[in-house]
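The structure under discussion appears below in the form of structure tokens.
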Amino acid sequence: MGWPARLRQGMAVPLVLLFCLVTFTFLFSMVSSRNRMRKQTLSTHTQKKAYYMAQGGIQQALLKLRLLHRKAYDAGAISRGVCPFLNPYENNVVSNANPDRATRKALDIFLSDLKSTSTSPDLSLRLTGGTYPIPNSGTTQWKYEVTEFNVDTYYMRSDGSVKEVAHIKAMGYAFDPRDLVPERRELVEKSVELTRKIK
């Protein structure tokens, strides 16, 4: 006992249409899922590039602190209204600095060149097998800059040295024309100690 021939012939077209619909839906979901994953991966990579650009700013600031540690210490002390050459206070934590003598001018000069030079759009990275341009576009570029350099703690140690705790903030920028966001930004912070021996 089976289906009548007329019924069997009439079921073929709906079954083929149903099969095509299920196949199309499955393929469409696979393609859209792949595109979503690709965009998310691209955004993650661009954000990571911005993070490493910011790390470059921190490294430049640390290099300048290593080379010009005395000037950095003096600028930090002056920014708090403290004479950088001596510690006139008896307590370990210097909290009664003179705000009238405080000025950020020396710190701003120290901070002024802690940024990458903007690269021109025709600058290329030469790698094995070809030339790959850096994808800059107008004002949106790969760069970093140290946005903040502050000294907010100043204290004396038992060995006679005075320490400042400096906080550095660097912003990294990365751009990829394939990313939906025009520019990715990442902020990196670091704290360092600046020391000077007071005689």
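The values are calculated or read from the model by the stated rules, or taken from the named source; none is laboratory data. As the structure is a computational prediction, the values presented were derived from the model and not from experiment. Every residue, glycine as well, gets a Cβ built from its backbone with ideal geometry; the counts of neighbours run over all protein chains shown.
Taking the options L180, L194, L187, name whichever one is surrounded by fewer than 16 Cβ atoms within 10 Å (Cβ to Cβ), in contact (Cβ under 8 Å) with a residue 60 or more places away in the chain and assigned to a strand (DSSP E or B).
Answer to the check: L187.
Select from the stretch 133-149 the residues that are at pLDDT 65 or above and of a type outside the set (V, I, T) and write down the one among them that is farthest from G172 (Cα to Cα). Give the derivation first.
Taking the stretch 133-149 first, the residues at pLDDT 65 or above are 141-149.
With the extra rule that they be of a type outside the set (V, I, T), the set shrinks to 141-145, 148-149.
Values: Q141: 10, W142: 8, K143: 6, Y144: 4, E145: 7, E148: 13, F149: 15 Å.
Checking each candidate, the answer is F149.
Take the stretch 166-177 and flag every residue that is of a type in the set (D, E, K, R) and either more than 22 Å from N150 (Cα to Cα) or assigned to a loop (DSSP other than H, G, I, E, B) (or both). Even if it seems obvious, please write down each step before you answer.
Residues of the stretch 166-177 that are of a type in the set (D, E, K, R), as a first pass: 169, 176.
Result: D176, single match.
When the residues of the stretch 161-172 are filtered to those that are surrounded by fewer than 20 Cβ atoms within 10 Å (Cβ to Cβ) and of a type outside the set (A, V, I, L, M), which remaining residue is farthest from the chain's Cα centre (by Cα)?
This residue is S161.
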